[in-house]
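**Student:** I'd like to ask you about the structure that follows.
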Amino acid sequence: MANSQFVYVTYIRTTPGKLWKALLKPEFTRQYWVDCWQDCDWKAGSKWQLKKPDGGVTDSGEVVEIEPERRLVLKWRHEFNPELSKEGESRLTYTLETVGDSVKLTVLHEIDVPDSKLIKAVSNGWPHILASLKSLLETGESLAETRSWPREGCAGTQKA
């Protein structure tokens, strides 16, 4: 896979356990990911959905690989914007590594589509969401603009 990809690396002053919970648990994701949460039982082969505040599904897929506090791989299909949905299934990988008193988080979002509009869109959305996650874990507060669903649609999913 990977004709188009987005890679983001950040270092967060936290523990792998706290970061893992923040990536998966609704009580955390709703604070930094525009009030969205993930519906999943977090086992390999499980169905996965990202839900917006009204319960609608923005993205869906399946857990491909899960190694708690180290690695999560999801099949990811965008459902919210038809122009992006038609590109099909992408793949998201979170990798967590302890580095001193920090955790290195690497996010890889890729799709086997040249010049993907989906990857262009997530390349705008992921940095803001991940900066807000970092802020939440390091200061106790997420970035204000990522706390609620925006009027114009989910960050990074506007028509490309």
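**Student:** Just checking, which of T98, T106, T139, T93 is in contact with a Pro (Cβ under 7 Å, 6 or more places away or on another chain) and modelled with pLDDT of 95 or more?
**Tutor:** Testing whether each residue is in contact with a Pro (Cβ under 7 Å, 6 or more places away or on another chain) and modelled with pLDDT of 95 or more leaves just T98.
**Student:** Restricting to the stretch 52-66, name every residue that is under 24 Å from G17 (Cβ atoms) and open to solvent by less than 50 Å² (accessible area, probe 1.4 Å).
**Tutor:** Selection gives V63, I66.
**Student:** Within the stretch 140-149, is even one residue open to solvent by 10 Å² or more (accessible area, probe 1.4 Å) and outside any loop (DSSP other than H, G, I, E, B)?
**Tutor:** Within the stretch 140-149, one or more residues are open to solvent by 10 Å² or more (accessible area, probe 1.4 Å) and outside any loop (DSSP other than H, G, I, E, B).
**Student:** Now for a separate question. Filter the stretch 83-124 down to residues that are in a helix (DSSP H, G or I) and of a type in the set (S, T, Y) and give me whichever is most open to solvent (accessible area, probe 1.4 Å).
**Tutor:** Among those that are in a helix (DSSP H, G or I) and of a type in the set (S, T, Y), it is S123.
**Student:** Looking at the stretch 29-38, can you tell me whether even one residue there is without any contact (Cβ under 8 Å) to a residue 12 or more places away in the chain, farther than 16 Å from L108 by Cβ and in contact with a Leu (Cβ under 8 Å, 6 or more places away or on another chain)?
**Tutor:** So far as the stretch 29-38 goes, yes, one or more of its residues are without any contact (Cβ under 8 Å) to a residue 12 or more places away in the chain, farther than 16 Å from L108 by Cβ and in contact with a Leu (Cβ under 8 Å, 6 or more places away or on another chain).
**Student:** Sticking with this one: Among the residues of the stretch 52-74, count how many are within 12 Å of the chain's Cα centre (by Cα) and charged (D, E, K, R). So that I can check it myself, show each step before the final result.
**Tutor:** Looking only at the stretch 52-74, we keep the residues that are within 12 Å of the chain's Cα centre (by Cα), and these are 58-60, 72-74.
Cutting the leftovers down to charged (D, E, K, R) gives us 59.
Matching residues across the stretch 52-74 total 1.
**Student:** Do you know which of the residues in the stretch 1-50 that are small (G, A, S) and in contact with a strand residue (DSSP E or B) (Cβ under 8 Å, 6 or more places away or on another chain) is surrounded by the fewest Cβ atoms within 10 Å (Cβ to Cβ)?
**Tutor:** Looking at the filtered set, the residue picked out is G45.
**Student:** Among the candidates D35, D41, which residue alone is in a loop (DSSP other than H, G, I, E, B), more than 16 Å from V122 (Cβ to Cβ), modelled with pLDDT of 95 or more and touching a Ser or Thr at 6+ places or on another chain (Cβ under 8 Å)?
**Tutor:** From the options D35, D41, the qualifying one is D35.
**Student:** Hey, another quick one. Among residues belonging to the stretch 125-139 that are open to solvent by 50 Å² or more (accessible area, probe 1.4 Å) and not charged (D, E, K, R), point out the one that is farthest from L23 (Cα to Cα).
**Tutor:** Here the residue is T139.
The values are calculated or read from the model by the stated rules, or taken from the named source; none is laboratory data. Nothing here was measured: the structure is a model prediction, and the numbers come from that model. Don't worry about glycine lacking a Cβ; one is built from the backbone with ideal geometry, like all the others, and counts go over all protein chains shown. Heads up: the accessible areas ignore ligands, DNA and RNA and are worked out on the full protein's heavy atoms, side chains in. Shrake-Rupley method; radii C 1.70, N 1.55, O 1.52, S 1.80 Å.
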